[in-house]
């Protein structure tokens, strides 16, 4: 079955993670849960990017005894999406930390984590 | 009720969009042209056994510089938001014996492991960002076990500034001594696969590791101080 190939499984898992994160962002009232939703969305995108760079039966892009320099191109997966995802993970960590800092600040301001109590910008 | 309907509509819409995007996906069986270039000429040009490191530190080194800058900005904003008056109140209950003893054993090992990860970034999975994150997790464990301890923000600032500055200096040296900004061949490429190889990549990664470790520890420290205040 085509669908049980590794790249399809990871792609569908990533898509489901993105949808779960989106659900968390739009439906949850608790600020911390919304941050978790963003984090899940982020993780899903990473998984999708990695699965796009996957080459069937490829191994990690590290050259050693098992993967020699000459035949490397036929044996390893694409290193470029992995480098991009490494960048994206770090940025995602920064964004999550920033959101949590805002949550701490908001909680100090209103004493509540419920988004419905923050009406200052609502029209 | 109507809200739930909207949620379901949005989710179904997003699902349909993604299904459309995924429909054209067929797993690739060989590398794209760019990736092929990196794989074939990466080992000769950079000398790094880990090709992801070669891409991150040399080919896309400028992106990494921007990324470190973003982390710095995040740490600065969090420091601004979490600014507190120094006031210490007693912790609500004593830290458990198991945690303090465990931290005494584990923290030095964690720091050493982090350093190992970023020094070997050009040979094995890992690198500056991962090593820095491990070091920051060691600091987080330390602050959990000893809540009265305080990270010295001055030291952290110095470590961070010096490593960031050195990173840029090495990049600029590449313009004068080699092919361009952040070119790693300002140092001899050495023996492929050994610790002292890949030119400037290990040195750049050590600075990145120190910088990321300092920034994340700073974030952890600020959150910890905030917690003490509440």
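The values are calculated or read from the model by the stated rules, or taken from the named source; none is laboratory data. Here the structure is a predicted model, which means the values were calculated and not measured. Note that we place each Cβ from the backbone using ideal geometry, even for glycine, and neighbour counts take in every protein chain shown.
Quick notes on this structure:
- Residue-level analysis places residue B:40 among those that are surrounded by fewer than 19 Cβ atoms within 10 Å (Cβ to Cβ) and either outside any loop (DSSP other than H, G, I, E, B) or more than 7 Å from every other protein chain (Cβ to nearest Cβ) (or both).
- Pick from the stretch B:8-22, criterion farther than 11 Å from residue A:19 by Cβ and at the interface with another protein chain (Cβ under 10 Å from one of its Cβ atoms), ranking: surrounded by the most Cβ atoms within 10 Å (Cβ to Cβ): B:22
- Residue that is surrounded by the most Cβ atoms within 10 Å (Cβ to Cβ), among those in the stretch B:23-37 that are more than 24 Å from residue A:12 (Cβ to Cβ) and more than 7 Å from every other protein chain (Cβ to nearest Cβ): B:37
- Residue ranges of helices (runs of 4 or more DSSP H) in the stretch A:1-108 with at least 2 members over 24 Å from residue B:35 (Cα atoms), more than 10 Å from chain B (Cβ to nearest Cβ) and within 20 Å of the chain's Cα centre (by Cα): A:6-27, A:31-52
- Selection count where residues are within 16 Å of the chain's Cα centre (by Cα) and touching a residue at least 60 places away in the same chain (Cβ under 8 Å), scope the stretch B:68-85: 5
Residues checked against (1) without any contact (Cβ under 8 Å) to a residue 12 or more places away in the chain; (2) more than 30 Å from residue B:195 (Cβ to Cβ); (3) out of contact with any strand residue (DSSP E or B) (no Cβ under 7 Å at 6 or more places or on another chain):
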{"position": "A:20", "(1), (2), (3)": "no, yes, yes"}
{"position": "A:24", "(1), (2), (3)": "no, yes, yes"}
{"position": "A:34", "(1), (2), (3)": "no, yes, yes"}
{"position": "A:93", "(1), (2), (3)": "yes, no, yes"}
{"position": "A:96", "(1), (2), (3)": "no, yes, yes"}
{"position": "A:112", "(1), (2), (3)": "yes, yes, yes"}
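- Pick from the stretch B:68-92, criterion part of a helix (DSSP H, G or I) and at pLDDT below 85, ranking: nearest to the other protein chains (Cβ to nearest Cβ): B:81
- When each of B:165, B:196 is tested for being closer than 21 Å to residue B:56 by Cβ, touching a strand residue (DSSP E or B) at 6+ places or on another chain (Cβ under 6 Å) and surrounded by fewer than 14 Cβ atoms within 10 Å (Cβ to Cβ), the lone residue that passes is B:196.
- Residue list for the stretch B:172-191, filter: part of a helix (DSSP H, G or I) and more than 17 Å from residue B:122 (Cβ to Cβ): B:172, B:173, B:175, B:176, B:177
- Of all the listed residues (B:141, B:173), the sole one being closer than 30 Å to residue B:83 by Cα, free of Cβ contacts under 8 Å to residues at least 40 places away in the same chain and in contact with a helix residue (DSSP H, G or I) (Cβ under 8 Å, 6 or more places away or on another chain) is B:141.
- Residue B:30 falls short on exactly one of the conditions (1) in contact (Cβ under 8 Å) with a residue 24 or more places away in the chain; (2) not in a helix (DSSP H, G or I), and that condition is (1).
Okay, residues lined up against (1) away from chain A (no Cβ under 12 Å); (2) under 17 Å from residue B:216 (Cα atoms); (3) surrounded by fewer than 16 Cβ atoms within 10 Å (Cβ to Cβ):
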site: B:49; (1), (2), (3): no, no, no
site: B:54; (1), (2), (3): no, no, no
site: B:58; (1), (2), (3): no, no, no
site: B:66; (1), (2), (3): no, yes, yes
site: B:94; (1), (2), (3): yes, no, yes
site: B:107; (1), (2), (3): yes, yes, no
site: B:119; (1), (2), (3): yes, no, no
site: B:123; (1), (2), (3): no, no, no
site: B:132; (1), (2), (3): no, yes, no
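- Residue in the stretch B:146-161 that is more than 19 Å from residue A:94 (Cα to Cα), over 23 Å from the mean Cα position of the chain (by Cα), surrounded by fewer than 24 Cβ atoms within 10 Å (Cβ to Cβ) and in contact (Cβ under 8 Å) with a residue 60 or more places away in the chain present: yes
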